[in-house]
């Protein structure tokens, strides 16, 4: 049994078939956590879809209308890089609801994770890069609307810069966005995050972790968030098809532990989403994501806030 809740729904799988984006990975991560006895069925919560009001706190009315009514142009669908369907829209609303629930659970229990989400390339008025709705932004705006939080931090370790995150929260002093990514990779251009860490091609574990720690230390010194949304990308992996960094599985697990340690020491609740991962073997991506949950479990077990919250 985990010391926190996982958020998951079978309909997270977009059923894209032989697409480079393996959306079946969500189901496979869920199944692996159970098979490896990391989690038990009672550890999982099923989310409800986000409401249209939740989505509209981030996305434009015109874009939401087109999504719900199937009136996107061919160019808009091509920009998303995944095929449009009503099932896609339902899955995206559900993923946003999952990130809202993960945020709520993190505030209650200090830790939570959605086995999905992290769609950080979605803009307010369009989707791109396999991302349709920006679930993390929707979750932050919902928590702010509910007055559960005022401030939030997004730490994004996907190999691709979180351009949608940067655009949506640009100029918002209540949301600190940090993106560590490969500089010579999608997207182009890269709108400015609060902090962008542009990495050279081929960087390995030790250099990556040293750079990340320096910037995490500065971020938590300069900003005091009431929640951290961790966009845990699997694609800095050295065998990823869409990445050009050289992290090992061990290095990625150390990355996760580093982020969680800074959150724990600064007493900041953590909501995790599992972002990009396009390894040649889908099983590698699944293992990387499962390792993120293991790292969170280890951090939570050392965190008295988690057990204290459970006893209330």
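Key figures for this structure:
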item: Residue exposure sequence - 303, 62, 196 - by fewest surrounding Cβ within 10 Å; result: 62, 196, 303
item: Percent antiparallel among DSSP beta bridges (both partners in the chain, rounded to 5); result: 5 percent
item: Extension reserve of the residue 124-residue 34 stretch, reckoned as 0.36 nm per residue once the Cα distance is removed; result: 28.8 nm
item: Shape box of the range 13-56 [Cα atoms, principal axes, largest first, Å]; result: 39, 31, 10
item: Global geometry of the range 160-312, whether rounded, prolate or oblate, following the gyration tensor of its Cα atoms and the 1.5 cut on a/c; result: oblate
item: The chain - mean residue ellipticity at 222 nm from DSSP helices (-39,500 (n - 2.57) per run, n ≥ 4, rounded to 500); result: -14000 deg cm²/dmol
item: Least to most buried among 160, 215, 134 (fewest other Cβ within 10 Å first); result: 215, 160, 134
item: Extent along principal axes [Cα atoms of the range 1-141; Å; largest to smallest]; result: 46, 34, 20
item: Fraction of antiparallel bridges per DSSP, the range 125-221 only, in percent to nearest 5; result: 10 percent
item: Over the range 5-307, relative contact order from alpha-carbon pairs under 8 Å, at least 6 apart, %; result: 19 percent
item: Nitroxide proxy distance, nm - points 7 Å out along Cα→Cβ at residue 302 and residue 87; result: 4.3 nm
item: Residue order, fewest to most surrounding Cβ atoms within 10 angstrom, among 193, 248, 71; result: 71, 248, 193
item: Compactness relative to 2.2 N^0.38 Å, alpha carbon Rg of the chain; result: 0.90
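A short reminder: the numbers here are calculations on the coordinates, not readings from a lab. Computed from a prediction, not measured in an experiment: that's the story for all the values here. Backbone-built Cβ (ideal geometry, glycine too); neighbour counts: all protein chains shown.
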